[in-house]
Amino acid sequence: MKMNFAGRELDMTRCHVMGVVNVTPDSFSDGGKFNRPDVALERARQMVADGAAFIDIGGESTRPGAAPVSVQEELDRVCPVVEAVARELDVVISVDTSAPEVMAEAARLGAGLINDVRALQREGAPEAAAQASVPVCIMHIQGEPDSMQDNPAYRNVRREVSSFLTERMRVAELAGVRPENIILDPGFGFGKSLEHNLQLLAALEQLHILGHPLLVGMSRKSMLGHITGRDVNERLPASLAAATISAMKGASIIRVHDVRETVDAVRVVTAVKEAG
Ligand SMILES: Nc1nc2[nH]c(SCC(=O)O)nc2c(=O)[nH]1
């Protein structure tokens, strides 16, 4: 199944790696490192050289307790980097934002994917995503980033995540988002306990029943820290394990900080699948 990301077609039956470029001062694992367009562009260059098919550019940290960002501040952070990457690199640019204005401007500057961790819940977001006419990733979140980890609770996390995604898809399609432009994401770490995250990963393949490509993001996340006891910069092995499991279970896009290593892990999964 091919998907068209602002002119770049990718086969969503294969597994692609998305490199994370946070243009923020306070993102949990690399906050402040790429806060300047030239540094962010160099990071994107390296990720593309390492095999990333997507670069996810975000201007708002969604870590619990992160300072809220104005739309203008988000535009000022994200747009120069989108513009620079679009000008120089042959890669699909994903914009990690919930703000309709940022979606619109990033798409105008060349972004080929809208990645909204709030599932288009902001006023005007479904319409902006439809207007942008690029694929959109709809991710499950329970509550808001600031308080989502206070006490996440579900009767049945798999069922509730599926029904949330189904409802958000309905809203998106009513606003004009084409069904073939929708990617889904269970939202690891977004209003989930470790147990909830593990149940969702264990049953990831069940989400295929919703009929859309899956994007997953567990890279360096605290769920991996809880399992291994490792600090955030010591979580590469656990991140690779999570990426490998996701690829085996049919994820189409894996969102990571460590592209080179993840590309190799996905290559092994792909080789085994193709030998099957
Ligand atoms: N689609 C998607 N977008 C994301 N943006 C972040 S920001 C927090 C972090 O990188 O840990 N996580 C995700 C994720 O899991 N899925």
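Relative contact order of the chain: 19 percent, from C-alpha pairs under 8 Å at least 6 residues apart in sequence.
Scanning the chain for long hydrophobic helices, with DSSP H runs required to stretch 15 angstrom or more by C-alpha along their axis and to average at least -0.5 on the Kyte-Doolittle scale, returns 37-49, 71-88, 157-175, 236-248, 259-275.
With R₀ set to 41 Å, the beta-carbon distance separating residue 123 from residue 11 gives a calculated FRET efficiency near 0.70. Highest-first packing order for the peptide set 3-12, 59-68, 186-195, 89-98 is 89-98, 186-195, 59-68, 3-12, based on the mean count of other beta carbon atoms within 10 Å. Here the peptides 132-138, 270-276, 242-248, 82-88 are ranked by packing, the mean other Cβ count within 10 Å, and the order with the highest first is 132-138, 242-248, 82-88, 270-276.
From the Cα gyration tensor of the stretch 1-134, with a ≥ b ≥ c the square roots of its eigenvalues, which class applies: rounded if a/c is under 1.5, or else prolate if a/b is larger than b/c, or else oblate? Taking the square roots of the gyration eigenvalues as a ≥ b ≥ c, the stretch 1-134 is oblate.
Pairs of Cα atoms nearer than 8 Å and 6+ residues apart set the relative contact order; for the stretch 205-276 it is 34 percent. According to the square roots a ≥ b ≥ c of the eigenvalues of the Cα gyration tensor, what is the shape class of the stretch 187-276, taking rounded for a/c under 1.5, prolate for a/b larger than b/c otherwise, and oblate for the remainder? It comes out oblate by the Cα gyration axes. Compared with the direct C-alpha span, the chain from residue 36 to residue 160 gains 40.7 nm at full extension, assuming 0.36 nm per residue.
Working from label points 7 Å from Cα in the Cα-to-Cβ sense, the residue 67 to residue 45 distance is 3.0 nm. Of all DSSP-defined beta bridges confined to the chain, some 15% are antiparallel rather than parallel.
Among the lysines of the chain, pairs that are 8 or more positions apart or on different chains and have alpha carbons within less than 21 Å of each other number 7. Taking each DSSP H run with n ≥ 4 as -39500 (n - 2.57) and averaging over every residue of the chain yields -13000 deg cm²/dmol at 222 nm. Working note: Debye formula, equal point scatterers on the alpha-carbon atoms of the stretch 2-275, no solvent; log10 I(q)/I(0) at q = 0.10, 0.11 Å⁻¹ is -0.44, -0.54. Antiparallel beta bridges, as assigned by DSSP with both residues in the stretch 44-173, represent about 0 percent of the total such bridges.
Could you tell me the distance between the Cα centroids of the stretch 205-276 and the stretch 66-105, to the nearest Å? What the calculation gives is 25 Å, centre to centre.
With a Förster radius of 25 Å applied to the beta-carbon distance between residue 101 and residue 2, the computed FRET efficiency rounds to 0.25. Spin-label model, residue 206/residue 226: points 7 Å from Cα along the beta carbon direction are separated by 1.8 nm. The slack between residue 241 and residue 193, meaning 0.36 nm per residue of separation minus the straight C-alpha distance, is 15.4 nm.
Every read-out reported here was derived from the displayed coordinates using simple, explicitly stated rules and does not represent laboratory data. Since we're looking at a predicted model, the values are computed, not measured. Cβ sites come from the backbone with ideal geometry, for glycine too, and all protein chains shown count toward neighbours.
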